[in-house]
Amino acid sequence: MRLIVLLSALFFSGFQVHAQRVFDNKPLAQGIASYYHDKFEGRPTATGEIFDNGKFTAASNRLRLGSYVKVTNLNNGRVVYVRINDRMAATNKREIDMASVAAEQLGFISQGLAKVIVEIVPADEGKKGILAQREFIASRQNEL
């Protein structure tokens with residue numbers, strides 16, 4: 001009986017450690033980021049949402065739909081939070097394709113592409129990051 005309890009404790013603790021490692025903010029991937037063309041505005045995404053280039057969303061073929069990620073531009077150190085709500089073409093080898101508002105915050109609109117690090121973050125961190133980004137943009141627009 002003790003052996004069963006001990007094995008059960010080890011078995012379940014192993015799952016707990018794994019669950020914690022999913023969100024430890026370690027680099028998930030390093031690669032190339034791009035951003036959506038305006039022609040996709042108003043089209044449905046893989047989650048059924050209507051695409052809006054003004055929302056902090058992105059497409060990825062490697063990340064789970066609905067997950068939140070932190071993207072860091074390796075050229076300038078800028079960071080943006082986005083939620084994955086779409087898929088890219090199967091032949092697309094880029095890590096992430098973002099709404100233009102996110103690409104603008106990362107500072108690569110004029111280049112079209114950027115080297116980035118993509119990290120999965122917990123939903124609460126992602127939601128707070130996106131809210132802060134929206135508030136920052138709104139405050140800048142109010143100043144003009």
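The values are calculated or read from the model by the stated rules, or taken from the named source; none is laboratory data. Here the structure is a predicted model, which is why all the values come from computation and not from measurement. Note: ideal-geometry Cβ built from the backbone for every residue, glycine included; neighbour counts use all protein chains shown.
Show the residue pairs meeting these rules: Cβ distance below 8 Å; 6+ apart or different chains; first residue within region 113-128 and at positive phi; second residue modelled with pLDDT of 95 or more.
none
Do the conditions hold for ASN61, that is, is it at pLDDT below 85 and of a type in the set (S, T, N, Q)? Please lay out each step first, then the result.
On the way: at pLDDT below 85: no; of a type in the set (S, T, N, Q): yes.
No: the conditions fail for ASN61.
For region 58-75, name all the residues that are within 18 Å of ILE137 (Cβ to Cβ) and surrounded by fewer than 23 Cβ atoms within 10 Å (Cβ to Cβ).
Those that are within 18 Å of ILE137 (Cβ to Cβ) and surrounded by fewer than 23 Cβ atoms within 10 Å (Cβ to Cβ): LYS70, ASN73.
Could you please let me know if LEU144 is at pLDDT below 95 and over 11 Å from the mean Cα position of the chain (by Cα)? First the steps, then the outcome.
Values: at pLDDT below 95: yes; over 11 Å from the mean Cα position of the chain (by Cα): yes.
Answer is yes for this residue.
Checking ASN85 against (1) over 15 Å from ALA33 (Cα atoms); (2) surrounded by fewer than 19 Cβ atoms within 10 Å (Cβ to Cβ): exactly one of these is not met. Which one?
Checking ASN85 against (1) over 15 Å from ALA33 (Cα atoms); (2) surrounded by fewer than 19 Cβ atoms within 10 Å (Cβ to Cβ), the one that fails is (2).
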